[in-house]
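The values are calculated or read from the model by the stated rules, or taken from the named source; none is laboratory data. In this text the structure is predicted, and so the values were computed from the model without any measurement. Note that each Cβ is placed from the backbone with ideal geometry, even for glycine, and that neighbours are counted across all protein chains shown. Ligands, DNA and RNA are stripped out before the accessible areas are found, and what is left, the full protein with its side chains, is counted by its heavy atoms. Shrake-Rupley method; radii C 1.70, N 1.55, O 1.52, S 1.80 Å.
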Amino acid sequence: PNTYFKLDVNGHTNIVGDVALPTTNRIYFGNSDTAFIKGEHGGSAYLAFGANNEKMRLTRDGYFGIGTANPQVRLNVVNPTTLGGTVSNRQEIARFEGNVANDGMLEFANIRLSNGADWETSAFRIQRRIDSTRMGYIDFGAGAGSASGGAGRDIQFGAGDGTTIMMHLDSTGKVGIG
C-alpha cells in the first residue's frame, strides 16, 4: 500500500452515486500526473484532458478545443507549430478518416506555396487522400494581397501534391482553367 494516499485500493472498486473532488480537481492515471482529467467548477467551468500537459478542453458552453485552452466555437482545433518557410512545407491541422476499401482521408492543412515566412506565400488547403496518395484539393488564399482584387482572396483547385492546378478563381471573379 501507498501511505501517501488515505485510500489505497489494490483491485477493483465499485462506487454507486456521485464522486466529488472538491479540492484536487484532477484524476491521474499511472503513478504520476503524466495523464490526467481535470475539472473546474463555477462560472468558468471546464473539463480538461492531458498527457504531460493539457491537450483538450470542454467548456461549460459546449465548446471543445484541441490544442487550445480557450475554444471559441463548437470544435476549435489549433496546431501551435509554425509553418515552415520552404515551398511545399505542410502544417497539418485536422484529418477525418473513413474506410472506403482503402484509407480515405480529408486533410486540412496550411501549405507553403512558395518560399517565404508570411501568409502571402501560403494557402489553407482541404485535400482528399487515399492511403499515401494525395488527390484533389482546394486552396484558399492562394496569393498575396488582402485588399479587394488581391490574390490573397483567390481560390484554386488542383490535384496531387500541388503541382497540377486545374482551375484558378481570382478575387474579381475571373476563372482560369488548365
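Annotations for the structure displayed:
- Unmet requirement for D161, which otherwise passes all of (1) part of a loop (DSSP other than H, G, I, E, B); (2) under 24 Å from G67 (Cα atoms): (2)
- Checked against the criteria, A101 does not count as touching a residue at least 24 places away in the same chain (Cβ under 8 Å) and over 24 Å from the mean Cα position of the chain (by Cα).
- With respect to the conditions (1) among the hydrophobic types (A, V, I, L, M, F, W, C); (2) closer than 30 Å to G65 by Cβ; (3) touching a Phe, Trp or Tyr at 6+ places or on another chain (Cβ under 8 Å), A117 lacks only one, and its number is (3).
- Answer from D8, D18, D33 - the residue that is surrounded by 10 or more Cβ atoms within 10 Å (Cβ to Cβ), modelled with pLDDT under 90 and part of a loop (DSSP other than H, G, I, E, B): D33
- Within region 50-63, the residues that satisfy the criterion of being in contact with a Lys or Arg (Cβ under 8 Å, 6 or more places away or on another chain) and open to solvent by less than 60 Å² (accessible area, probe 1.4 Å) are G50, G62.
- Strands (runs of 3 or more DSSP E) contained in region 67-118 and holding at least 3 residues of a type outside the set (D, E) and open to solvent by less than 70 Å² (accessible area, probe 1.4 Å): 90-99, 103-112
- Count - residues of region 119-143 that are within 16 Å of G162 (Cα to Cα), open to solvent by 70 Å² or more (accessible area, probe 1.4 Å) and not in a strand (DSSP E or B): 1
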